[in-house]
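Below: one structure, written as structure tokens.
We did not get these values from a lab; they are worked out from the coordinates using the rules stated. None of these values were measured; they are calculated from a predicted model. Please note: Cβ atoms are built from the backbone with ideal geometry, for glycine as well, and neighbour counts cover all protein chains shown.
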Amino acid sequence: MNVSKFSYYGYSWLALAGLQLAIRTDRLESLVMGGFPPLDGPYAEMLTVTNNTYQMALIQPASSDPAESEQESAAPEATDWDNIRIQMVPEQTRQFVTLYESLAGFKDRDIQELLVMPRLAFAGEQDKIVYGDNFGGVTVDIAGKLVEHLPLLEQLGWDVAILKGNGMDHTKAMQPETVLPVLKPWLIRNVLRES
């Protein structure tokens, strides 16, 4: 497409994909990671979750009822992570297992010096998922990692935003009405002004 430079925004595992892209190309002019911390990411925890999800997908057929799928996605802020019904077939869930298996030895602290473009990491202030026994009994604390590492992240050149608000969890912080008011002014300040 003849695009020499571009910005990348991803949320959750797509933010993780953006971090992997950023260390492999010199074409990235900015990186925005929502819902996944760029330091001490939950790689081991997500491997546990995805392995358990895969095992459940093997024994629980994915729903083919569009009304059921629509009903479960209607209220993202009310997601019950312990009792969520697996909507993916084993082949899909296995891809996530493969992703996190491939990152088992990845050290996100060791790659920070490779990130020279403007960078933003954000999460909802309540972005902490406590998975029940069905998913391996692990906790994925995205907001906690960002708050814990805030001074170091800023020292490394990251901008960090913790999004406040009632129910500002993993699913609410990814909604367009939440993301765009953060993303647009940041891009104007950090990317468009340099163009």
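A few points about this structure:
- Calculated Cα Rg over 2.2 N^0.38 Å (choose from (1) 1.06; (2) 1.74; (3) 1.54), label: (1)
- Here MET168, MET88 are placed in order of increasing Cβ neighbour count within 10 Å, fewest first, which gives MET88, MET168.
- Net length gained if the chain between GLU154 and THR139 were fully extended (0.36 nm per residue, minus Cα distance): 2.9 nm
- Take the Cβ atoms of VAL116 and ASN166, set R0 to 35 Å, and the FRET efficiency comes out at 0.40.
- Beta bridges per DSSP with both ends in the chain, % antiparallel, nearest 5: 15
- Helical runs (DSSP H, four residues minimum) scored at -39500 (n - 2.57) apiece and divided by the length of the chain put the mean residue ellipticity at 222 nm at -12000 deg cm²/dmol.
- Cα-based reach from LYS107 at 19 Å (exclusive), listing lysines while leaving out same-chain residues under 8 positions away: LYS145
- Exposure proxy ranking for TRP186, TRP13, TRP158, based on other Cβ atoms within 10 angstrom of each Cβ and starting from the fewest, stands as TRP13, TRP186, TRP158.
- For TRP158, nonlocal amide neighbours, meaning residues 5 or more places apart or on other chains whose placed amide H falls under 5 Å from its own, do not occur.
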